Every structure is written in structure tokens, then in C-alpha cells.
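To start, the structure itself, in C-alpha cells.
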Amino acid sequence: MKPDLLQRRERALGPAYRLFYDQPVHLVRGEGAWLFDAAGKRYLDCYNNVASVGHCHPHVVGALSRQAATLNTHTRYLHENVIAYAERLSATLPDELSVCMFVCTGTEANDLAVRIARAVTGNDGILVTEDAYHGNSTTVYQMSTEEYPAAERPGWLEAVEAPCSYRGRFRDPGPASALEFAGLLGPAIERLADRGHRPAMFLTDNIYSSNGVLTPAPEYLAEAYRRVRAAGGLAVADEVQSGLCRLGDHYWGFQDAGVVPDIVTMGKPLGDGHPLAAVVTTPAIAERFARKHHYFNTFGGNPVSAAVGLAVLDVIEREDLLKNVHDTGAGLADGLRGLMARHALIGDVRGKGLFYGVEIVRDRETREPAADQAARVREHLRENGVLLGTSGPGNNVIKIRPPLVFNREHAALLLEALDLALGSL
Ligand SMILES: Cc1ncc(COP(=O)(O)O)c(C=O)c1O
């Protein structure tokens, strides 16, 4: 790293930004599941879901460059790309979800979902889970219970405990506790009513990434959706983390629960690093929204972004990435559970496909979070050329979420390095 880069960064970007790692990593190049720093050191990327089909995939870069060299405008002119992309993206979803509206970030997608839900239901209340992150606009940041101060929550917002059967109030991982967690929506809807609000929507990140990765039984979403709809609200799936094959059985996380949301929001992985995000809904909801509002987003759905989105879908199909996620993920899950048998520090392993949370605890009985140990594991791995993160309310969950091209050899390298890091504590 150039010695003055940190100081220049601080001056130029200000103090609100954060860097990963005690010794920040200065990356200059990426290829597939690998990243390279300025000194030429190679890192296995076990963290970045944005580079979904691998860093700088040649098919995506080629599509981007060709379209950028031809034309870039916006959705107020006719263009084949955006229509073809909307058609192909909705073909990955249940039939009802066939209308796409394009934005540039997950935040914008969730913000638009709020506007749509409020316009269509006539209600303004929003239900989310505790410790969630949904984005950074004024409204969506207030809904990001992980970061927004609980004491300053607006009256239209209610949060329910996330369905964590390891730390939560219901501790059996089966359907009974999933139903009990979903039942918490009842009192939350009543609390909204006490303040004069009815629910417009219930929003969940379907892998609960900021809760330290949760995979509740399918009954959770089914019952939660039933309850919010009965109260006049829409069911909204935030698939920014759990979407685009990440969980290994379907393209979208909510499909694991066998439910169909009214609105799906998506972002990060759609553009393999290019800012491309979307809201997908039903024709009936889109039509009711359009009665009250026009929609335009200067950069959302431009021909270059759409070319990128199409190229990402090509790669997923050609390289059979859903199957890769499923198969590599199964091996990785086994390997992580094997590590749990060897290291008492691991209290729990959760997740599926290529998204795992490895919970680090001081004591398996008390489940006391060990954030400092988790941080030491993260730093040890970085030294050994493996990048991953820590997350969760106690910041003690090792977060593993590599590009979808992560294969068995990559998984073996990760498991070996993780074993070494845990053994070093
Ligand atoms: C579940 C979830 N939703 C929404 C967002 C916001 O996406 P963006 O950072 O693209 O605005 C994030 C970002 O981390 C997220 O994890």
C-alpha cells in the first residue's frame, strides 16, 4: 500500500467511511474468486457476493465494453437491452412476478418498494426484523434496525425479533418455533395500530445476514406473509443478499420457503460489480402504483447496465452456477461442521449454498459471544491470504459469502486456513 494513501483517503473521504481489517487491504486486481493487492499478494475471496460470477468475468466485461462503446442512454428511449433483461430476469421468478423497475442500488430498490407498498395499500406502517440492514436512504436507513438508534424509530416503523433459534427466545430450529417467531408480527401490528398506523409492508432479508445468517423453517415466511396480508400489507422479499442463486436450490431465497412475495427487491450480485438493482412485482401492483405515480431513474436500467445484467445471467446458465453453489456449498457445509467437531470455539454453523455464518463463542453452554476471537480469526485468515468478514449483533459470527464461482478447491483452501486460524487462538 502506498504510505500516504490512508491519510489521503481520510482527508478526501472524511471520517464516516470504514475500512476492513487492522491493516487495510489495498486491492488492485481481481480474477474469478481471487483478488490481488498492490504488492502482488493473492487473496482467496470468501466474502464478496457483489462479484457474483467472479471478479472481472470476461463475458461480463466484454458485454459492458461493447455496449459502452455503442450507446448509453436511459429508459425514456426504446432499447432492446432493458426489455430483454426485464424479460429474462422475471423468467427466473414465479410467473406472477413479471414487472421489473430498475434502480442502481439495493437501497433504492427498498425505497421504491416502500413507495409502491404505501401507494397501493394506502397504509404507511412498515414492519421489519430486528438487527436488519436494508440500505442508507433517509427512509430505508430508519428501517435498518441494525444501525438506526432504537430510541429514534419513527412511529410508522415496527420491528420483530428475527427468527434466530440459536440465540432467540424460541430455540428449537423446527416449524413450531418458526411459527412462534412469525406470531410476533401480531403484537407488532397492534403496536402500529396503537400509534395510528396500518402496515403497508413486511420486509425481510431472507438469509438475515446482519443477524449472523439465519435459515428459519419455511413456516416462518409462510405464516408471516399470511399475517401481514391479513392486516392489509404487502409481503416484500429483500433478495439483495439471498438472491441470484446464492442459497443453492433456487434463484431466489424466498423460494426455499415455497412462498411468493408481492414485491422482490434485488441488487448487489445482479451486475457482477456494476451498479444494477431492481424491484420486481406483479402486473396488478405495478398498475395500481402507476395510477398515482410515474417512475423514472436516470441510470437505472440504462442499456449498458442491462447488457451487464444479461451477461451475468448468461454466465450463470452457461457455467451452471446454481448447481455449483449447491454442490460446493454442500461440501463447504460439511467441512465447517467438521471444524465444529475439532474447535470448541465454534458454537454454531448456519447457512446454505454459498452463505454461512460460523458463530464463535467463549463457551458452548452459555453461548457467550466471542467477538475478539472472531476478529482474530478474520485477521489471521487475511494474513494467510483468505478474505472473509465478521457480522451479527455480537459481531462474533464469521461471515462466508464468496463469489458463485467458488469451487471445491477454493472451499478446501478456506477450510484449511480456517482450521489453522482457529487452532492458533
Ligand atoms: C439485505 C440488504 N438489503 C439492502 C442493502 C442495501 O444495498 P446497497 O448497499 O446496494 O444500497 C444491503 C447492503 O448491504 C443489504 O445487505
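Annotations
- A prolate overall shape is assigned to the range 23-71, the ratio a/c of its alpha-carbon gyration tensor axes (a ≥ b ≥ c) being 1.5 or greater and a/b exceeding b/c.
- Total charge dipole magnitude, the chain, about the Cα centre, Cβ charges on Lys, Arg, Asp, Glu only, Debye to nearest 20: 700
- Furthest towards positive pole of dipole, VAL358, ALA117, LEU184, structure part the chain, Cβ charges: ALA117
- Too-long pairs where the Cα-Cα distance tops 19 Å, listed order kept, from LYS268/LYS399; LYS41/LYS268; LYS352/LYS399: LYS41/LYS268
- Dipole of the chain, positive end: most advanced residue of LEU97, THR73, ALA159 [Cβ charges, Cα centre]: THR73
- In the range 311-350, taking the dipole from charged Cβ atoms about the Cα centre, the farthest positive-side position among ASN324, GLY335, ALA311 is held by GLY335.
- The range 291-425 - convex hull of the alpha-carbon atoms, volume per residue in Å³: 175
- Here's the list of aspartates and glutamates a cross-link from LYS323 could span, going by alpha-carbon distance under 18 Å and ignoring same-chain residues fewer than 8 apart: ASP249, ASP256, ASP314, ASP334, GLU409.
- CD proxy at 222 nm, helix term only [per DSSP H run n ≥ 4: -39500 (n - 2.57); per residue of the chain; nearest 500]: -12000 deg cm²/dmol
- Each Cα pair under 8 Å and six or more residues apart adds its sequence gap; the mean of these over the residue count of the range 286-425 is a relative contact order of 22 percent.
- Dipole magnitude (debye, nearest 20) for the range 138-190, charges at Cβ of Lys, Arg, Asp, Glu: 140
- With contacts taken as Cα pairs under 8 Å at a separation of at least 6 residues, the chain carries a relative contact order of 21 percent.
- Per-bin percent of Cα-Cα distances, the range 1-84 [10 Å]: 13, 31, 28, 22, 6
- A DSSP coil position with no more than 10 other Cβ atoms inside 10 Å describes the following chymotrypsin sites (Phe, Trp or Tyr not before Pro) in the range 20-114: TYR77.
- Global form of the range 1-148, assessed from the alpha-carbon gyration tensor, a/c cut-off 1.5: oblate
- Spread of Cα-to-Cα distances over 5 Å intervals beginning at zero, given as percent, for the range 59-318: 1, 6, 13, 18, 19, 16, 12, 7, 4, 2, 1, 0
- Here is the tail figure for the range 1-50: Cα pairs spaced more than 19 Å apart come to 33 percent of all pairs.
- With an a/c value of 1.5 or above and a/b larger than b/c for the gyration tensor axes a ≥ b ≥ c computed over the alpha-carbon atoms, the range 104-201 is described as prolate.
- DSSP bridge orientation in the chain - percent antiparallel, rounded to nearest 5: 65
No lab work stands behind these numbers, since they all come straight from the coordinates. From a predicted model like this one, the values you see are computed outputs, not experimental measurements. Every residue, glycine among them, receives a Cβ derived from its backbone with ideal geometry; neighbour counts consider all protein chains shown.
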